[in-house]
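The values are calculated or read from the model by the stated rules, or taken from the named source; none is laboratory data. Every value quoted in this text rests on a predicted model; they were computed, and no experiment measured them. Every residue, glycine as well, gets a Cβ built from its backbone with ideal geometry; the counts of neighbours run over all protein chains shown. The protein model used for the area step is the full one, side chains on, heavy atoms only, and it has no ligands, DNA or RNA in it. Shrake-Rupley method; radii C 1.70, N 1.55, O 1.52, S 1.80 Å.
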Amino acid sequence: MSQASAPGAATARAFPNLALVKYWGKRDEDLILPVAGSLSLTLDAFPTTTTVRLDPGRDQDTFELNGAAATGTAAQRVTAFLDLVRERAGATTRASVRSVNEAPTGAGLASSASGFAALATAAAAAYGLDLDTSALSRLARRGSGSAARSVIGNVAIWHAGTDDETSFAEPVPAPDLAMVVATVDCAAKAISSREAMRRTASSSPYFVAWITSTETTLTEMVAACRAGDFTRIGQITEAHALRMHGLIASTEPPIRYLQPRSIEVMDAVVALREEGVEAYSTADAGPNVAVLVRPEQAEAVAARLRDVVGPEQVRTTGAGPGAHLLSGTEVPAAAEASTEAGS
Ligand code: PMV
């Protein structure tokens, strides 16, 4: 790993991704190695933009999210992540981190994925680490598993790997895909995916079957992507999401992320298919539902979902780029941050 000269400050942008084959469960909590591989679509909406600025005058890092100083777990996770970057860079200087996240935080729209992919990209540059895409994906993985995939644009496979070196995401050729996201509830989830994954591993009787079946599903999904088979991609997406939510519901005590309104959206998607519109639903660890569609059908599907969740709650998105540096841009400091970003 070579070390370029450290510019001292950098700004990066990353987009969330939605898994079509889900990641659920770690085999190594510290390195964040997953029990199985996964595959996702990086979106072109709800980005996180992050500036990391080295701050030699301070004895601790500061983290500001959407214009407000973050404390507690959020700040600890950022510092723990920066420690990894500093260790690699042979640096001790603390940093100020400012982030603007355009997604509803903590509601299953993978804000941790865009967040840590942007942080990894900005921090690596600010501390002068010259990382290739795989190394950046591995670094982002240490912040949040799904962030490994947001380093990559469009469709990405995250190889489970067997150690830090081999667990990273890379692109997979795929047909044009779009997502219609129906926001059911923006409130932060009561149980973090980290905690829920632990509970699943320790108490679900189905966990081993989940691991083995996910590897098979992933192989099938990669083949469907390479073949450009939209129908098969959609079928696998919907089945695997429901399988994950079934697995999560099988823990003790049980966890349920989906809400009645989420099921209503899923039923509307089934009804659309019966009418001949190919759409397939998925949901991460939260109540919001994302619907996989061909780009040309996104608007028609969005119109139908607006009837279910309300006109303001539906957003269509296409495939987005991987995490990247922005030149000459800086996330505004709290005093200048728009109030909209903080809402
Ligand atoms: O990266 P985490 O710890 O936020 O886990 C994300 C897990 C799911 O979003 C539910 C599934 C996935 O593959 O993204």
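Results, tabulated for the structure shown:
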read-out: Cross-chain or 6+ apart pairs with Cβ under 9 Å, the range 290-316 first and open to solvent by 30 Å² or more (accessible area, probe 1.4 Å), then part of a helix (DSSP H, G or I) and at pLDDT below 95; value: Arg306/Glu312; Arg306/Gln313
read-out: Qualifying residue in the range 29-43 (condition: in contact (Cβ under 8 Å) with a residue 12 or more places away in the chain, of a type in the set (Gly, Ala, Ser) and more than 21 Å from Ser167 (Cβ to Cβ)); value: no
read-out: Subset of the range 117-135 [among the hydrophobic types (A, V, I, L, M, F, W, C) and out of contact with any Leu (no Cβ under 9 Å at 6 or more places or on another chain)]; value: Ala118
read-out: Test for Ala10: is it assigned to a loop (DSSP other than H, G, I, E, B) and in contact (Cβ under 8 Å) with a residue 12 or more places away in the chain; value: no
read-out: Conditions (1) modelled with pLDDT of 95 or more; (2) within 14 Å of the ligand (Cβ to nearest atom); (3) open to solvent by 20 Å² or more (accessible area, probe 1.4 Å); number of the one not met by Ser114; value: (3)
read-out: Enumeration of residues in the range 40-78 that are among the β-branched types (Val, Ile, Thr) and open to solvent by less than 40 Å² (accessible area, probe 1.4 Å); value: Thr42, Thr48, Thr49, Thr50, Thr51, Val52, Val78
read-out: Residue count for the range 142-189, restricted to those that are free of Cβ contacts under 8 Å to residues at least 60 places away in the same chain, in a loop (DSSP other than H, G, I, E, B) and either within 16 Å of the ligand (Cβ to nearest atom) or within 18 Å of Thr121 (Cα to Cα) (or both); value: 1
read-out: Members of the range 92-111 found to be open to solvent by 30 Å² or more (accessible area, probe 1.4 Å) and either at pLDDT 90 or above or acidic (Asp, Glu) (or both), listed by number; value: Thr92, Thr93, Arg94, Arg98, Glu102
read-out: Failed item, numbered, when Ile211 is tested on (1) within 24 Å of Val293 (Cβ to Cβ); (2) touching a residue at least 60 places away in the same chain (Cβ under 8 Å); (3) of a type outside the set (D, E, K, R); (4) within 16 Å of the ligand (Cβ to nearest atom); value: (1)
read-out: Number of positions in the range 4-39 that are within 11 Å of the ligand (Cβ to nearest atom), surrounded by 24 or more Cβ atoms within 10 Å (Cβ to Cβ) and closer than 27 Å to Tyr127 by Cβ; value: 3
read-out: Residue within the range 26-42 that is at pLDDT 95 or above and more than 16 Å from Phe168 (Cα to Cα) present; value: no
